[in-house]
Number of protein chains: 2
Amino acid sequence: MVSQGSEQSVMVNGYDPGAAAALTPAARALITRRERVLGSAYRLFYREPVHVVRGQGAHLFDADGHDYLDAYNNVPAVGHSNPRVQAAVAAQLATLNTHTRYLTDDVIDYAERLTAKFAPPLSQVIFTCTGSEAVDLAVRMARRVTGGEGIIVTRNAYHGTTSTVAEITPSLGPNNPIPARTALIDAPDSVRGSGGAAAIAAFTEQVRGAIAGFAAQGIPFAGMIVDSVLSSDGMRLEPAGFLAAAAQVVREAGGLYIADEVQPGFGRTGAWWGFERHGLVPDLVVVGKPMGNGVPIAAVVGSEHVFDAFGSEVRYFNTFGGNPVSIAAATAVLDEIEQRDLIAHSAAAGQRLSDGIRQIAADAKRVGAATHIAQVRGAGLFIAVEYVSPTDGVTPDPQAALAVVQGLRDRRILVSASGTYENVLKVRPPLVFDTEGTGTHPDTARFLEGFAAVTRDAGQ
Amino acid sequence: MVSQGSEQSVMVNGYDPGAAAALTPAARALITRRERVLGSAYRLFYREPVHVVRGQGAHLFDADGHDYLDAYNNVPAVGHSNPRVQAAVAAQLATLNTHTRYLTDDVIDYAERLTAKFAPPLSQVIFTCTGSEAVDLAVRMARRVTGGEGIIVTRNAYHGTTSTVAEITPSLGPNNPIPARTALIDAPDSVRGSGGAAAIAAFTEQVRGAIAGFAAQGIPFAGMIVDSVLSSDGMRLEPAGFLAAAAQVVREAGGLYIADEVQPGFGRTGAWWGFERHGLVPDLVVVGKPMGNGVPIAAVVGSEHVFDAFGSEVRYFNTFGGNPVSIAAATAVLDEIEQRDLIAHSAAAGQRLSDGIRQIAADAKRVGAATHIAQVRGAGLFIAVEYVSPTDGVTPDPQAALAVVQGLRDRRILVSASGTYENVLKVRPPLVFDTEGTGTHPDTARFLEGFAAVTRDAGQ
């Protein structure tokens, strides 16, 4: 079992300075320089950080040319160093890069293509540079339009890092204060709690309770924001429909329902948007991360009605938001997703990968392995593997999850852990997973081989 | 005189839908599509918006190939479509683009180069994507480190657009509420107020008053943030030293002094940073706009002491912040500024341009022109031209400033207006102004020719 450094209380799977002796002298020197100039707010992944110099498709390479299988990064959705994105950005940078207060064509073309991916009345978009900015703007719009303040989020939600968004991001830990105008509710927990209609009722009951709690404190209600796959709560997908039921309660109380699609959006779940599986049309949608394949761009999508209530009174200008270069990258990403049929691919590859993980989990259980997987949950290429105590089958086992993260890292396979109890393996590769290289499903094969080995080792 | 649309109350120099008839059918159609999909929060510059398709150096080009002299945009500091930035970004996008939780070299190299431009104890940097994010983080750090809430800004300050930063951005207008934890003070006004020691005393007295006001309301004090050239207050440069005196009062009261260098930074004023002319070392510095020549990157620079007090308790992660592609752009910008000696150039070209404007203003005054320029203020290639009533020499004349903006636009020279009274012409071209093209100082010559013609026309 891997030792638990003090870092873990701050960030799961963080660099452990105590493990520095195991690093190469070059890596140690680089980390020393890094700590001196970037300071203590920065964190590195892994007890032994990964020093990368090149990326291609679903693979990263270190300075020695070693190949890492990237099963974690959702930003390079259409692949590290994607040639179409690269060419589009390179061409645009040689032509024009300015802001949205001059009239340019491409931002309008892209806005029309993007909004066409949503059901009415979601027909307008405002561009920002980051998901945090987009969440911040969506919350600001919700507060302005409703006249309210109170926002409901899930108990281990992550929505971003501006001052306002940190207020609704309890997963930043105990040193990040959550004010009274943020209400926390529990995500459905299919390992420890009920399922089906009972889970939906329990969730909506909490939403009603939070709204009543705001009223009791004299805090007018503004709305609710939820990551449509509840990534940082450990990826809570079931029962389908619980978010639609919650959205209805929110609207009946005069609030707006905001879908945070920064992680699930753009095909990750095997559909364009994660909220689709809940049969839901949000009031506002926030998109980001994979939108420009790493070139900064994010957005808020909403109805003309909501946007007008905000925009006719307050202008919004984001100097780099929707600039021609970011739009060129985002356009290339849409082209890649559509022309390479990456959404259907995400669904199929995700099914294959999660089936394989389930099989390994079942095999491990049969031989009485020391680690125990309660559930393998997935939607497309976003897969959660939840570790619990084999004794009772419910007590979270974050050490087991972290050991798998480290064991896979030792085999040069990149994932991380997440969830309320930090006991959930987060497998979330670029959408191009398995589309390049030789052999049938080469990335899945490599992942499952590594995962089986790590699972086997854990029993020894 | 140009008519004043209702837009002006919202944004000076905004598009006037009433002038749509004067546009080409293509531009009208594009604006219709734009309004449908981007919505009402977006604003266009100019009664007749400029439709741009290409940029090079200090020039933009429209669809018909017409050449616009860009005397306004500070983001493309090293020139529109700068070849070095283009090549660096294109190469990096073909190699690696990931985040700062893996170990990479270039972000550390750049961080060391950037922090070396500041005096001790400013030695650390946190990267964000936008100036708004960086201001938001700086304010969050100041609040955390001091335990305070109250922030002092100038009365027409612009600092950005997150929820928290909008609270300290009174220039967003009457529909943007300013809460009690934001105190507004007047910038020195060398046209209407005193100068020298009296102006410094008046400014610091207001800072003391704001701190006392917070105390009276039970709002603990956090600090003060000022754009080092007070751009949106109309560019207030004199008397040099008034910001140092204010910073001292802020520190004595336990607050942090934050320099907003998003507009003045990176050589704009003829020095690396705008605060230098005040003989000041801030506690935190925010940089942005020109940092990546339009590729989104911004940052907060501070001391290890302040960063530790924040970062040891709260992690900060910005997915795209300091990514290898943005760092490649920022590195190319530093190379350009240093190797082309653009800071000395900014000082010299700015002096030439402001001298020329002053001469035209003096000539106009001599012949009794209808418009009257009270002052031409400048620091490097950031020049403010303040229009007042010729009758009393102090009453702001925003119509005159707007007429000059429009008149220059008709001659394909781009500037805008700003300031508390919207009566200040803002001339702020790319730093490469005058470095390309044929003839001696071709951009200055073209600007002054156009400015003289517009000034002449205004008298008719």
Practice task
Name the helices (runs of 4 or more DSSP H) wholly inside segment A:117-229 in which the number of residues that are open to solvent by 10 Å² or more (accessible area, probe 1.4 Å) and assigned by TED's automatic domain parsing to the domain that holds residue A:100 is 2 or more.
Solution key: A:131-146, A:196-217
Handout entry: Filter result for the condition that a residue is of a type in the set (A, V, I, L, M, F, W, C), more than 9 Å from chain A (Cβ to nearest Cβ) and open to solvent by 20 Å² or more (accessible area, probe 1.4 Å), over B:19, B:29
Key = B:29
Problem - So residue B:238, is it without any contact (Cβ under 8 Å) to a residue 12 or more places away in the chain and within 30 Å of residue B:337 (Cβ to Cβ) - result: no
Practice task
Could you tell me which numbered condition residue A:88 fails, if it satisfies all but one of (1) touching a Leu at 6+ places or on another chain (Cβ under 9 Å); (2) more than 8 Å from every other protein chain (Cβ to nearest Cβ)?
Solution key: (1)
Exercise for the section: Specify the residue that is most open to solvent (accessible area, probe 1.4 Å); the eligible residues are those in segment B:309-332 that are at the interface with chain A (Cβ under 8 Å from one of its Cβ atoms) and of a type in the set (Val, Ile, Thr). Expected result: B:319
Exercise for the section: Name the one entry in A:306, A:286, A:295, A:300 that is open to solvent by less than 20 Å² (accessible area, probe 1.4 Å) and either assigned to a loop (DSSP other than H, G, I, E, B) or not hydrophobic (A, V, I, L, M, F, W, C) (or both). Expected result: A:295
Problem - Pair list, Cβ < 8 Å and 6+ apart or interchain, from segment B:162-182 residues that are of a type in the set (Lys, Arg) to residues that are at pLDDT 95 or above - result: B:181/B:149; B:181/B:150; B:181/B:151; B:181/B:167; B:181/B:214; B:181/B:219
Practice task
Go over the candidates B:110, B:68 one by one and state the one that is more than 8 Å from chain A (Cβ to nearest Cβ) and either surrounded by 24 or more Cβ atoms within 10 Å (Cβ to Cβ) or under 24 Å from residue B:274 (Cα atoms) (or both).
Solution key: B:110
Fill in the blank from the handout: Flagged pairs (Cβ under 7 angstrom, 6 or more apart or on separate chains; first in segment A:48-64, more than 10 Å from chain B (Cβ to nearest Cβ); second assigned to a strand (DSSP E or B)) are A:57/A:80; A:58/A:69; A:58/A:70; A:59/A:67; A:59/A:68; A:59/A:69; A:59/A:70; A:59/A:80
Fill in the blank from the handout: Requiring at least 2 residues that are touching a helix residue (DSSP H, G or I) at 6+ places or on another chain (Cβ under 9 Å), the strands (runs of 3 or more DSSP E) wholly within segment B:11-114 are B:67-70
Fill in the blank from the handout: Output for Cβ contacts, cut-off 6 Å, separation at least six or different chains, first residue among the β-branched types (Val, Ile, Thr) in segment B:12-33, second open to solvent by less than 20 Å² (accessible area, probe 1.4 Å) and assigned to a loop (DSSP other than H, G, I, E, B), reads none
Exercise for the section: Within segment A:283-304, track down each residue that is over 26 Å from residue A:88 (Cα atoms) and either within 10 Å of chain B (Cβ to nearest Cβ) or of a type in the set (Phe, Trp, Tyr) (or both). Expected result: A:302, A:303, A:304
Exercise for the section: Could you tell me which residue of segment A:430-460 is farthest from residue A:384 (Cα to Cα), considering only residues that are without any contact (Cβ under 8 Å) to a residue 60 or more places away in the chain and among the β-branched types (Val, Ile, Thr)? Expected result: A:438
Exercise for the section: Any chance you could count how many residues in segment B:152-189 are modelled with pLDDT of 95 or more, more than 20 Å from the chain's Cα centre (by Cα) and not polar (S, T, N, Q)? Expected result: 5
Exercise for the section: Take residue A:84 and decide whether it is surrounded by fewer than 24 Cβ atoms within 10 Å (Cβ to Cβ) and either more than 19 Å from the chain's Cα centre (by Cα) or closer than 30 Å to residue B:82 by Cα (or both). Expected result: yes
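The values are calculated or read from the model by the stated rules, or taken from the named source; none is laboratory data. These numbers come from a predicted model, not from an experiment. FYI the Cβ positions are ideal-geometry reconstructions off the backbone, even for glycines, and counts take in every protein chain you see. Side chains are part of the model used for accessible areas, which takes the heavy atoms of the whole protein and leaves out ligands, DNA and RNA. Shrake-Rupley method; radii C 1.70, N 1.55, O 1.52, S 1.80 Å.
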